[in-house]
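The values are calculated or read from the model by the stated rules, or taken from the named source; none is laboratory data. Just so we're clear, the structure is a prediction, and the values are computed from it rather than from any experiment. Note that each Cβ is placed from the backbone with ideal geometry, even for glycine, and that neighbours are counted across all protein chains shown. With ligands, DNA and RNA removed, areas are computed over all heavy atoms of the protein, side chains included. Shrake-Rupley method; radii C 1.70, N 1.55, O 1.52, S 1.80 Å.
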Amino acid sequence: MKILTAEQIRAADSYTIIHEPISPIALMERAADTCTGWITEQFPKEAIFVVVCGMGNNGGDGLAIARQLLDKGYNVEIFILPFFSKASEDFSTNRKKLEKIKGAKITEINDANDIAFVPNKNVVIIDAILGSGLSKPVEGKLAEVIQKINSFHVPVIAIDMPSGLAMEDNTGFNKKNIIRASVTLTFETPKLSFLFADNAENVGEFYILDIGIDKKFLAEQKSSDNWVTQDMVAHALRQRARFSHKGTYGHALLIAGGYGKMGAAILGAKACLRAGVGLVTAHIPKCGYEIIQASVPEAMVITDEEEQDFSGVKNLSKYNAIGIGPGVGTSEKAAKGLKMLIQQASVNMVLDADALNILSENKTWLSFLKPESIITPHPGEFARLAGKPSSAFEAYTKQREFAVKYRIYVILKGAYTSIATPDGEVYFNSTGNPGMATAGSGDTLTGIILGLLAQGYPPRQSSILGVYIHGLAGDIAAQEWGENALIAEDIANCLGRAFLQIV
């Protein structure tokens with residue numbers, strides 16, 4: 001799914017209006033009906049809705065939703081903000097419709113203090129002040145209204161966008177002048193700013209609603225930003241042939257583990273196997289031999305010359321893909337071993353954890369990475385590689401630039417894990433949950449991606465599919481054990497169910 005700009009979304013609306021065809025006011029009614037359907041599924045008839053509307057089309061959506069809620073028997077109060085030079089045509093049409101409803105409570109306010117209601121645990125505010133067209137920070141009376149809404153500490157449902165939030169870059173915006181939504185009901189596609197940690201308190205949970213915008217037109221829009229859906233990964237996942245054998249599915253080399261950190265090798269090897277690789281060899285320090293043989297009997301093992309650290313691999317000829325980093329340490333010997341590996345490896349690689357920490361201290365080595373190598377940093381590791389960003393938007397910009405500069409895939413882990421490609425595209429993942437913020441979670445991701453690379457999936461597919469499957473397995477694990485109790489081994493153990501859910 002493409003992540004679009006405000007201009008592209010307006011063009012999609014116009015295309016749908018002309019080619020469906022449908023009138024603008026009917027399209028607004030359909031969007032409102034979709035929102036109202038979601039709202040009524042979530043809230044009982046005891047709910048009291050306070051709908052706060054601007055005078056543009058977002059306000060028109062709000063008025064239509066208010067009317068539909070009234071028709072369904074809900075208690076609704078509407079506040080209109082007249083702080084605009086003019087009202088949109090569709091807003092005016094919906095206002096006239098609403099005013100015809102007997103008993104509709106409509107107040108046109110003079111300032112923020114006019115927004116008042118009897119305190120009640122059933123109150124829900126619907127924010128329909130500003131939509132996707134915002135291009136500058138909110139100021140003046142609009143800002144005061146937003147601050148007033150935020151002061152009520154009741155659930156807030158934002159329609160399409162939290163008012164005051166721009167669709168992309170919010171650098172320099174005053175956070176107190178942006179609605180703090182509990183839920184955002186957005187239309188057709190997520191907005192880029194929803195996917196940044198800086199805006200989490202404003203967006204809340206977001207839901208993408210289908211309002212019937214022409215899907216072919218949306219798909220044909222040019223965008224370097226993408227939202228990964230199950231349909232995308234289902235098309236990429238390969239079916240295993242009946243007459244295949246373990247050699248068909250590749251041989252992965254996992255370089256991982258160290259004294260006190262053999263768990264990283266175990267988790268990575270298990271995840272690699274669960275991702276479908278035919279063979280995996282774990283290269284580990286001597287101290288971990290018995291541990292991994294007992295813990296992952298399906299894995300083959302070769303030991304390093306060092307007792308407790310990684311120092312290098314002598315023969316790389318039989319491997320289809322290589323993963324390195326989890327738990328290997330950052331000693332001088334490990335650094336030398338990584339440098340040699342980068343120079344000698346001819347197959348696709350995924351680098352994580354200590355491999356990235358070593359690279360951050362030896363940045364000139366980045367230029368020697370094989371094109372289309374994959375790195376999987378968390379925000380701290382990426383900051384050490386690319387410089388500390390001042391905002392999540394700047395981190396996203398740096399991630400894209402870094403991937404293009406070094407012709408690699410950069411997987412920046414976190415909520416909505418993002419994958420930047422060598423050609424400048426970014427894919428945001430739609431699976432995963434906060435329970436996955438736990439020790440070893442990244443090691444399982446490295447193992448999954450390594451397993452896919454070894455099977456012959458291209459680096460782009462390995463990255464996108466690996467991240468999605470990892471998050472989906474985490475979601476399945478959270479359903480079984482809860483987010484608080486989730487551990488990395490649960491993710492590996494749920495990979496089978498994740499694959500079954502996709503096919």
Over the stretch 328-359, the set of residues part of a loop (DSSP other than H, G, I, E, B) and either open to solvent by 10 Å² or more (accessible area, probe 1.4 Å) or more than 25 Å from Tyr259 (Cα to Cα) (or both) is Gly329, Thr330, Ser331, Ala345, Ser346, Val347, Ala353
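Yes/no per residue for (1) of a type in the set (Phe, Trp, Tyr); (2) open to solvent by less than 60 Å² (accessible area, probe 1.4 Å); (3) within 28 Å of Leu218 (Cβ to Cβ); (4) not in a helix (DSSP H, G or I):
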residue: Asp13; (1), (2), (3), (4): no, yes, yes, no
residue: Thr16; (1), (2), (3), (4): no, yes, yes, no
residue: Pro21; (1), (2), (3), (4): no, no, yes, yes
residue: Arg30; (1), (2), (3), (4): no, no, yes, no
residue: Ile39; (1), (2), (3), (4): no, yes, yes, no
residue: Lys45; (1), (2), (3), (4): no, no, no, yes
residue: Phe79; (1), (2), (3), (4): yes, yes, no, yes
residue: Ser85; (1), (2), (3), (4): no, no, no, yes
Of everything in the stretch 200-244 that's under 24 Å from Gly466 (Cα atoms), among the hydrophobic types (A, V, I, L, M, F, W, C) and not in a loop (DSSP other than H, G, I, E, B), which residue is nearest to the chain's Cα centre (by Cα)?
Trp227
Filter the stretch 1-11 for residues that are among the charged types (D, E, K, R) and either open to solvent by less than 10 Å² (accessible area, probe 1.4 Å) or part of a helix (DSSP H, G or I) (or both); the one that is nearest to Glu89 (Cα to Cα) is Arg10
Of all the residues that make up the stretch 47-69, how many are outside any helix (DSSP H, G or I) and among the basic types (Lys, Arg)?
0
Considering only residues that are out of contact with any Phe, Trp or Tyr (no Cβ under 7 Å at 6 or more places or on another chain) and either open to solvent by less than 60 Å² (accessible area, probe 1.4 Å) or in a helix (DSSP H, G or I) (or both), which ones fall in the stretch 126-139?
Asp127, Ala128, Ile129, Leu130, Gly131, Ser132, Gly133, Leu134, Val138
Residues satisfying the stated conditions in the stretch 392-408, i.e. out of contact with any Phe, Trp or Tyr (no Cβ under 8 Å at 6 or more places or on another chain) and either open to solvent by 50 Å² or more (accessible area, probe 1.4 Å) or over 15 Å from Pro422 (Cβ atoms) (or both)
Glu394, Thr397, Glu401, Val404, Lys405, Arg407
Hey, can you tell me all the residues within the stretch 294-327 that are touching a Gly at 6+ places or on another chain (Cβ under 7 Å), small (Gly, Ala, Ser) and more than 16 Å from Gly263 (Cα to Cα)?
Ser311, Gly312, Ala321
Can you confirm whether the stretch 153-165 contains a residue that is at pLDDT below 95 and either in a loop (DSSP other than H, G, I, E, B) or open to solvent by 10 Å² or more (accessible area, probe 1.4 Å) (or both)?
yes
For the stretch 471-479, indicate whether the set of residues that are surrounded by fewer than 17 Cβ atoms within 10 Å (Cβ to Cβ), modelled with pLDDT of 95 or more and on the phi < 0 side of the Ramachandran plot is non-empty.
yes
Can you tell me which residue within the stretch 274-311, out of those that are open to solvent by 10 Å² or more (accessible area, probe 1.4 Å), in a loop (DSSP other than H, G, I, E, B) and in contact with a Lys or Arg (Cβ under 7 Å, 6 or more places away or on another chain), is farthest from Ile358 (Cα to Cα)?
Gly278
Among the residues of the stretch 360-370, is any assigned to a helix (DSSP H, G or I), open to solvent by less than 50 Å² (accessible area, probe 1.4 Å), under 25 Å from Leu465 (Cα atoms) and out of contact with any strand residue (DSSP E or B) (no Cβ under 6 Å at 6 or more places or on another chain)?
yes
Name the pairs whose Cβ atoms lie under 8 Å apart, with the first residue in the stretch 409-436 and more than 17 Å from His378 (Cβ to Cβ) and surrounded by fewer than 19 Cβ atoms within 10 Å (Cβ to Cβ), the second modelled with pLDDT of 95 or more and acidic (Asp, Glu), and 6 or more positions between them or separate chains?
Pro422/Glu372; Glu425/Asp225
Just to be sure before I move on: is Gly54 within 12 Å of Phe91 (Cα to Cα), out of contact with any Ser or Thr (no Cβ under 7 Å at 6 or more places or on another chain) and either surrounded by fewer than 24 Cβ atoms within 10 Å (Cβ to Cβ) or at pLDDT 95 or above (or both) in the structure I sent?
yes
